[in-house]
Every structure is written in structure tokens, then in C-alpha cells.
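Have a look at the structure below, then the notes.
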Amino acid sequence: MSVLTRIWSLRRLSRVAETELPEVARSVAIIMDGNGRWAKQRRLPTAAGHRAGARTVRKIVEAAIDLGVQDLALFAFSTENWSRPQDEVDALMEIFGETIDRELPDLAEQGVRVRFIGRRDRAGDDLRARMAAMEDRTGLNSRLNLWVAFDYGGRAELVEAARRLVESGVEAREIDENVFAANLYAPELPDPDLLIRTSGELRISNFLLWQLAYSELVFVDTLWPDFGPQQLREALAAYARRRRRFGGR
């Protein structure tokens, strides 16, 4: 296996013994990809794949808690996803509401704090109200921070941050990385130690462009609805075996 392949793709992860990982990625981001292909393979409607993917979220959040992850960011709906067929978009909006009502309240009891990052103005009033209620209900929890990227795009986030700086009248000489980062959608979101993308695609698809600057990347072939706690553990184990240099030697 070439060095490039080892860096950009993790096709076959060795099985990890059921022991505590030597170094856990405290902040993890996941691009949850493959719902549509999962449904197509089973000759099911695309919405069935998205519903299966929503059920996977709960399993992975609970596994992340058990493995010691502190911040988990999930790419749920991108700014580009609005261009999908209208019936699929409508189904996704319905599934988001169902997920909030059915899955997340139980996770809240486990100490999960839920926050949504991205735009909200293009969502319906009912869904926006549910999102706000979930944030309010879980606001004092601290066992795991769950960041749900909804109507999110990395480029849009950077443009919005630049716009905020201009509108606030900050002098150009006063702008540094810290000032810029403070104007992102969620300044409290730690830069991910690890990004996982499911379904075998090898790209980050406009997700957390600023925050992923030095993140370790793991790509797995498993479609998101089939991604489980064992695959998460293996990805964390792959991260633990790496030496992070941050541009140094």
C-alpha cells in the first residue's frame, strides 16, 4: 500500500481488541454518506435509506459516549442538498423532525448537549421550533456535545464570517486567526481531531473547511446505515496509531 493510499483512504482496518484505546480523538466529525445507495441496493425508496441513517445516528452517539469522545459533529444536510429532487428534500425535512422527536430526547437524558450549526432561515417554522427546543432542553448537558450541521456549507460559513467582520468595523490589521474563528457559526466547536467519511468517497464535500485544517482523515467503504460502534472504534484506533505533526516534523 502506498503512502498516499494510507493517508487518504482506510479501506481495510485491522480488528481492534476490546481494550481501551491509547489515545482517543476527543473531537470527531463524520460525513454520513451512503443513505441513498443503501436504499438502492435494497430496492427501497431513498427516504428509507435516510430513515435508516437517522437510526444509525443514535447508535454512533451512544458509542461515542462510551469511547470517551467529547465533541461529535455530524454533517446532516448541506447547502447543496437543496438541489436534490423536491420529494427527497421534503422527506429529509420530515425525517429531521421525526429524529428530534423520537431519538434525541432519550440522548438528552444521557447528558448529550445538542447544537445545530448552519443556516435555519430556509427550514420550515415547525422544524426551526423543534431545533430551538432541543437546544434549550439540552443546554446544560455536558457529557457529549453533539453538533448537527444543518443547511451547512464550509464556504458559506467563511463568507459569513468575513461579512460579520466587515459589518462590525474590525480594522484589517486587527484580524488574525483567532478573530476570524470567533466569527464562525460555532466558535465553541473544537477543531476535529478526526474526520470520518463513510461510503468510500474520498473528499470532504465543503464540510468544516476552516476547522479541518489539521484533522486526521479516515475514509471507510461502509455505507452510513451500516456503520456501527465497531467501525467507529476501528476509526478511533487508526487515529490513535498516527503521529500528528501540525506542519512540524
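The values are calculated or read from the model by the stated rules, or taken from the named source; none is laboratory data. In this text the structure is predicted, and so the values were computed from the model without any measurement. We place every Cβ from the backbone using ideal geometry, glycine too, and count neighbours over all the protein chains shown.
Could you please find all residues in segment 150-178 being of a type in the set (Gly, Ala, Ser) and either in contact with a Ser or Thr (Cβ under 8 Å, 6 or more places away or on another chain) or under 22 Å from residue 132 (Cβ atoms) (or both)?
Listed by number, the residues that qualify are 153, 156.
Restricted to segment 189-207, and to residues that are surrounded by fewer than 18 Cβ atoms within 10 Å (Cβ to Cβ) and touching an Asp or Glu at 6+ places or on another chain (Cβ under 9 Å), which residue is nearest to residue 153 (Cα to Cα)?
206
Taking segment 47-90 as the search range and keeping residues that are closer than 16 Å to residue 28 by Cβ and acidic (Asp, Glu), which one is modelled with the highest pLDDT?
It comes out as 71.
With 168, 83, 142 as the choices, which residue is surrounded by fewer than 14 Cβ atoms within 10 Å (Cβ to Cβ), of a type outside the set (D, E, K, R) and within 30 Å of residue 64 (Cα to Cα)?
Going through 168, 83, 142 in turn, just one is surrounded by fewer than 14 Cβ atoms within 10 Å (Cβ to Cβ), of a type outside the set (D, E, K, R) and within 30 Å of residue 64 (Cα to Cα): 142.
Go through segment 211-221 and give me each residue that's surrounded by fewer than 17 Cβ atoms within 10 Å (Cβ to Cβ) and farther than 21 Å from residue 234 by Cβ.
213, 214
Only residues that are among the hydroxyl-bearing types (Ser, Thr, Tyr) and touching a Lys or Arg at 6+ places or on another chain (Cβ under 9 Å): list them for segment 26-50, please.
Within segment 26-50, 46 is the sole residue that qualifies.
Determine whether residue 115 is surrounded by fewer than 17 Cβ atoms within 10 Å (Cβ to Cβ), outside any helix (DSSP H, G or I) and touching a helix residue (DSSP H, G or I) at 6+ places or on another chain (Cβ under 7 Å).
Values: surrounded by fewer than 17 Cβ atoms within 10 Å (Cβ to Cβ): no; outside any helix (DSSP H, G or I): yes; touching a helix residue (DSSP H, G or I) at 6+ places or on another chain (Cβ under 7 Å): yes.
No.
Surrounded by 17 or more Cβ atoms within 10 Å (Cβ to Cβ), among the hydrophobic types (A, V, I, L, M, F, W, C) and touching a residue at least 60 places away in the same chain (Cβ under 8 Å): is that true of residue 238 in this structure?
yes
Does segment 66-79 contain at least one residue that is in contact with a Lys or Arg (Cβ under 6 Å, 6 or more places away or on another chain) and either within 19 Å of residue 149 (Cβ to Cβ) or surrounded by fewer than 19 Cβ atoms within 10 Å (Cβ to Cβ) (or both)?
yes
With the structure loaded, tell me whether residue 228 is closer than 20 Å to residue 61 by Cβ, modelled with pLDDT of 95 or more and surrounded by 11 or more Cβ atoms within 10 Å (Cβ to Cβ) or whether it fails that test.
Values: closer than 20 Å to residue 61 by Cβ: yes; modelled with pLDDT of 95 or more: yes; surrounded by 11 or more Cβ atoms within 10 Å (Cβ to Cβ): yes.
Yes.
If a residue has to be touching a strand residue (DSSP E or B) at 6+ places or on another chain (Cβ under 8 Å) and farther than 18 Å from residue 150 by Cβ to count, how many in segment 172-194 make the cut?
Total meeting the criteria: 4.
With respect to the numbered conditions (1) closer than 18 Å to residue 26 by Cβ; (2) in contact (Cβ under 8 Å) with a residue 40 or more places away in the chain; (3) hydrophobic (A, V, I, L, M, F, W, C), which one is the sole condition not fulfilled by residue 213?
Every condition holds for residue 213 apart from (2).
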